[in-house]
Amino acid sequence: MNQEVWNKIDSLIDRDQAKTLKERFAEDPSRAGRYSIEAAGWFLDYSKNRIDDEMMSALIELAEKSNLKAEIEKMFTGEKINATEGRAVLHTALRNCDPAAKVFVDGKDVMPDVREVLARMGEFSDKVRSGEWKGYTGKSIKYVVNIGIGGSDLGPVMANIALTPYSKRDMKFFFVSNVDSTHLAETLLSVEAEETLFIVASKTFTTQETMSNAGAAREWLVGKLGSEAAVARHFVAVSTAAREVADFGIDTANMFGFWDWVGGRYSLPSAIGLSLMLSIGKENYAKLLSGYYAMDCHFRNAPFEKNMPVVMALLGILYANGYGAESYCILPYDQYLSRFPAYCQQMDMESNGKSVDKDGKQVTYTTGPIEWGEPGTNGQHSFYQLIHQGTHLIPCDFIGFSRTHNPIGDLHDKLMANLFAQTEALAFGKTAEECRAEGVSEELVPFKTFEGNRPTNTLLADELTPETLGALVALYEHKVFTQGVIWNVYSFDQWGVQLGKVLAKGVLSDLVAAVPSGKHDSSTNQLIARYRKAVGR
Ligand code: G6Q
């Protein structure tokens, strides 16, 4: 990070250490309007943050001195910014809705391939949704099981739940990710083989969990339908690895490809979104992509001070690096966004959970925050206590919609009243005097006092639609990108994930070997021995 600018930010923090949000609002009645941005169907109110104009310009300067503008262009134009893997990073090309757009990687325009796969996905999903695609015994598809993990699971799961109101309700969608056999077994209890389509979603087609589950599902299907020939009618693949797909026994005519420049956690708008398209149809899927695209254009073109992802990224950096906040909370007030925090968790923590900079040197500052969250209002009745009165500073994003898909009485008014009230309470707290004025007895005053001054962002859209969902995902993607640029880390590799994939193989061979190698530490050897004894090996 640019030290000179950071020193300026630090001195502003010191100068305003004692200034509360309450004082900031009292000093400046036009604050809310000034610290708000509208883009791609979303309204961001970031006025309940520990900022003023001076702080915002210092933060913007930090972005400028990090060459953010040039880095954004590098990403959008296909430069190989994922240097440790030698790859371009082009999830933005997947949702580039400009029919004349050209995006080059190694001198080749990738857009014709992007459009071709999208068109094939559309044709396939029309066939399945209309009942024209028949299973091996001639029945139409009623159940879709996506088998994938990590980036090949979390996006489809999150978006399938989020867009339930747009889904084909007479079809049922399942997502199997865990190598825990319970996940597959419970799913298979809920489907009929003759009417089930399995989507094997794996960029590499080598991931242990996915390939094991896919193999077991194939065995189950062949057992139920009595022929290997059934596989072609009940299995499709989403992958970058044609040879591995063919080796598994899936006809590559039923494979939907993507490319090494799509990172797993950024792959929802690629063919990895096939299960979502089957659920909501290609027209709604196109609307999702147009929402992504609207936010992409905003991010690429808006000046930093009016740029929603940039401003959110800078605020996150202010708290992580300036105030020592270890974690960051995402709180959607919409049941349909129940998996959105988990989705963001992977996107953020896998991308910026790095401790060496782009030169391979140990960083001397905090990078990616621990990200977590749950839908409101449920969280209010559990962990919000710590956010209000605990010793940790936890910046929060509150996300809500003015209209609900399911109006019942005044429930939605109550939901939104809770959202707004929480941000108000976190910012302004309750003083000892206010407690006393309410008649709180003197000995209880310390317990009922709320310090306030807790920062929040509020994100509002009119309604949860494919467009607003796409824009929301892109907003967080670009926020994470911006932070990675400022922290000077490589946001698009994930060597920690690769390590886990390798380690499990070594232990597995000792769990099943006639004689275990004994090559591990004493704790791991002991656990392996205990497990082997319990299962009779
Ligand atoms: C995401 C990560 C990781 C990956 C899974 C699944 O960015 O790379 O979560 O998506 O490990 O990998 P495959 O799609 O190759 O099976």
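The values are calculated or read from the model by the stated rules, or taken from the named source; none is laboratory data. Since we're looking at a predicted model, the values are computed, not measured. Ideal geometry is used to build each Cβ from the backbone, glycine not excepted, and the neighbour counts take in all protein chains shown. The accessibility values were calculated without ligands, DNA or RNA, using every heavy atom of the protein model including side chains. Shrake-Rupley method; radii C 1.70, N 1.55, O 1.52, S 1.80 Å.
When each of ALA214, ALA201 is tested for being within 16 Å of the ligand (Cβ to nearest atom), over 13 Å from MET255 (Cα atoms) and buried (at least 18 other Cβ atoms within 10 Å of the Cβ), the lone residue that passes is ALA214. For region 138-153, a residue qualifies if it is assigned to a strand (DSSP E or B), away from the ligand (no atom under 16 Å from the Cβ) and β-branched (Val, Ile, Thr), and exactly one does: VAL144. Working only within region 441-487, note down all residues that are open to solvent by less than 40 Å² (accessible area, probe 1.4 Å) and of a type in the set (Phe, Trp, Tyr). Within region 441-487, TYR476, PHE481, TRP487 meet the criteria. For GLU371, the criteria (1) touching a strand residue (DSSP E or B) at 6+ places or on another chain (Cβ under 8 Å); (2) part of a loop (DSSP other than H, G, I, E, B); (3) over 20 Å from PHE43 (Cα atoms) hold in every case but one, which is (2). If we scan region 392-404, do we find a residue that is open to solvent by 50 Å² or more (accessible area, probe 1.4 Å) and more than 26 Å from SER36 (Cβ to Cβ)? Yes, the conditions are met somewhere in region 392-404.
If you check ALA229 against the conditions, is it away from the ligand (no atom under 14 Å from the Cβ), among the aliphatic types (A, V, I, L, M) and open to solvent by 10 Å² or more (accessible area, probe 1.4 Å)?
So ALA229 fits the description; yes.
Looking at SER517, SER491, SER509, SER522, which one is closer than 23 Å to ASP348 by Cα and not charged (D, E, K, R)?
Details: SER517 fails: closer than 23 Å to ASP348 by Cα; SER509 fails: closer than 23 Å to ASP348 by Cα; SER522 fails: closer than 23 Å to ASP348 by Cα.
From the options SER517, SER491, SER509, SER522, the qualifying one is SER491.
Scanning region 350-391 for residues being touching a residue at least 60 places away in the same chain (Cβ under 8 Å), open to solvent by less than 50 Å² (accessible area, probe 1.4 Å) and closer than 21 Å to ALA427 by Cβ gives a total of 2. Select from region 239-248 the residues that are more than 15 Å from GLY215 (Cα to Cα) and open to solvent by less than 60 Å² (accessible area, probe 1.4 Å) and write down the one among them that is farthest from the ligand (Cβ to nearest atom). Looking at residues that are more than 15 Å from GLY215 (Cα to Cα) and open to solvent by less than 60 Å² (accessible area, probe 1.4 Å), I get ALA242. In this structure, THR77 does satisfy being among the polar types (S, T, N, Q) and either surrounded by fewer than 16 Cβ atoms within 10 Å (Cβ to Cβ) or farther than 18 Å from SER351 by Cβ (or both).
Given the conditions (1) in contact (Cβ under 8 Å) with a residue 12 or more places away in the chain; (2) part of a loop (DSSP other than H, G, I, E, B); (3) not small (Gly, Ala, Ser), and given that LYS102 satisfies all but one, which numbered condition is not satisfied? In the conditions (1) in contact (Cβ under 8 Å) with a residue 12 or more places away in the chain; (2) part of a loop (DSSP other than H, G, I, E, B); (3) not small (Gly, Ala, Ser), LYS102 misses (1) alone.
Within region 46-62, work out how many residues are buried (at least 19 other Cβ atoms within 10 Å of the Cβ) and either assigned to a strand (DSSP E or B) or more than 23 Å from the chain's Cα centre (by Cα) (or both). I'd like the intermediate steps shown before the answer.
Our first condition is that a residue be buried (at least 19 other Cβ atoms within 10 Å of the Cβ); within region 46-62, this holds for 46-51, 55-56, 58-60, 62.
From what is left, the residues that are either assigned to a strand (DSSP E or B) or more than 23 Å from the chain's Cα centre (by Cα) (or both) are 47-51, 55-56, 58-60, 62.
Number satisfying all stated conditions: 11.
Within region 84-96, the set of residues being in contact (Cβ under 8 Å) with a residue 24 or more places away in the chain, outside any helix (DSSP H, G or I) and open to solvent by less than 50 Å² (accessible area, probe 1.4 Å) comprises GLU85, ALA88, VAL89, LEU90, ARG95, ASN96. Within region 170-191, does at least one residue satisfy the condition of being within 16 Å of the ligand (Cβ to nearest atom) and polar (S, T, N, Q)? Yes, because at least one residue in region 170-191 is within 16 Å of the ligand (Cβ to nearest atom) and polar (S, T, N, Q).
Looking at LEU21, is it in contact (Cβ under 8 Å) with a residue 40 or more places away in the chain, within 30 Å of GLY263 (Cα to Cα) and open to solvent by less than 40 Å² (accessible area, probe 1.4 Å)? Spelling it out, it is not the case that LEU21 is in contact (Cβ under 8 Å) with a residue 40 or more places away in the chain, within 30 Å of GLY263 (Cα to Cα) and open to solvent by less than 40 Å² (accessible area, probe 1.4 Å).
Residue by residue, here is whether (1) part of a loop (DSSP other than H, G, I, E, B); (2) within 16 Å of the ligand (Cβ to nearest atom); (3) of a type in the set (Gly, Ala, Ser) holds:
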{"position": "ILE250", "(1), (2), (3)": "yes, yes, no"}
{"position": "ALA253", "(1), (2), (3)": "no, no, yes"}
{"position": "PHE256", "(1), (2), (3)": "no, yes, no"}
{"position": "PRO269", "(1), (2), (3)": "yes, yes, no"}
{"position": "ASP296", "(1), (2), (3)": "no, no, no"}
{"position": "ILE317", "(1), (2), (3)": "no, no, no"}
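Number of residues in region 167-194 that are open to solvent by less than 40 Å² (accessible area, probe 1.4 Å) and either farther than 24 Å from PHE258 by Cβ or not hydroxyl-bearing (Ser, Thr, Tyr) (or both) equals 8. Considering region 116-137, and only residues there that are among the acidic types (Asp, Glu) and assigned to a helix (DSSP H, G or I), the residue that is farthest from GLY223 (Cα to Cα) turns out to be GLU116.
The rows are residues; the columns are (1) under 24 Å from LEU163 (Cβ atoms); (2) polar (S, T, N, Q); (3) over 23 Å from the mean Cα position of the chain (by Cα).
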site: TYR384; (1), (2), (3): no, no, no
site: ILE387; (1), (2), (3): no, no, no
site: GLY390; (1), (2), (3): no, no, yes
site: LEU393; (1), (2), (3): no, no, no
site: ARG403; (1), (2), (3): yes, no, yes
site: GLY409; (1), (2), (3): no, no, yes
site: GLN422; (1), (2), (3): no, yes, yes
site: LYS430; (1), (2), (3): no, no, yes
site: GLU442; (1), (2), (3): no, no, yes
